[in-house]
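A.B. asks: Input: one structure, supplied below.
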Amino acid sequence: MNFKRTMVLTREGSVGTFDTIEYEGALWFVTKWMHSRSAGAQRPERIVRLDRHDLAPAPDHPGIDFLLQSPVPKSVFDMAISPAALNGYSVVDRPKIMFPYPGGLN
């Protein structure tokens, strides 16, 4: 499966590119994947909603579809964070969605 890609800057200055999926009618970036090679599937460990923030197309960046123009707190990526510390970001941990895993056995 080909995912869209989003470039994300953290408030601490790190830059990363993340797979971007549609979930419940909105765009979300996947902070980390859980892979099941034997099942030939993968699912997100955490997703962060994008469409409530400054998201722009990235036509001048090959391999990147979107740029998140406002920096994201590094805490949003931390799996051990309390919901109060998410600073207005919507996250879903381990959503019940699966995608084909290209390195899978099936």
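A.B. asks: Those residues that are β-branched (Val, Ile, Thr) and either in contact (Cβ under 8 Å) with a residue 12 or more places away in the chain or outside any strand (DSSP E or B) (or both), I need them from segment 1-27; list them, please. Don't jump to the end; show me each part of the working.
C.D. replies: Residues of segment 1-27 β-branched (Val, Ile, Thr): 6, 8, 10, 15, 17, 20-21.
Matches in segment 1-27: 6, 8, 10, 17, 20, 21.
A.B. asks: Take residue 14 and tell me if it is more than 25 Å from residue 100 (Cα to Cα), of a type in the set (S, T, N, Q), at pLDDT 85 or above and touching a His at 6+ places or on another chain (Cβ under 7 Å).
C.D. replies: On the way: more than 25 Å from residue 100 (Cα to Cα): yes; of a type in the set (S, T, N, Q): yes; at pLDDT 85 or above: yes; touching a His at 6+ places or on another chain (Cβ under 7 Å): no.
So residue 14 does not fit the description; no.
A.B. asks: A further question follows. Between residues in segment 28-44 that are modelled with pLDDT under 90 and among the charged types (D, E, K, R) and residues that are exposed (fewer than 15 other Cβ atoms within 10 Å of the Cβ) and not in a strand (DSSP E or B), which pairs lie under 7 Å by C-beta distance while being six or more apart or on different chains?
C.D. replies: 37/103; 37/104; 37/105
A.B. asks: Considering only segment 54-70, how many residues are buried (at least 16 other Cβ atoms within 10 Å of the Cβ), assigned to a loop (DSSP other than H, G, I, E, B) and not charged (D, E, K, R)?
C.D. replies: Of the residues in segment 54-70, the ones buried (at least 16 other Cβ atoms within 10 Å of the Cβ) are 55, 58, 64-68.
This time we only want the ones that are assigned to a loop (DSSP other than H, G, I, E, B), so: 58, 64-65.
Next, from what is left, pick out any that are not charged (D, E, K, R): 58, 64.
Within segment 54-70, residues that are buried (at least 16 other Cβ atoms within 10 Å of the Cβ), assigned to a loop (DSSP other than H, G, I, E, B) and not charged (D, E, K, R) number 2.
The values are calculated or read from the model by the stated rules, or taken from the named source; none is laboratory data. Worth saying up front: this structure is predicted, and the values here are computed from it rather than measured. As a convention, Cβ positions derive from the backbone with ideal geometry for all residues, glycine included, and neighbour counts pool all protein chains shown.
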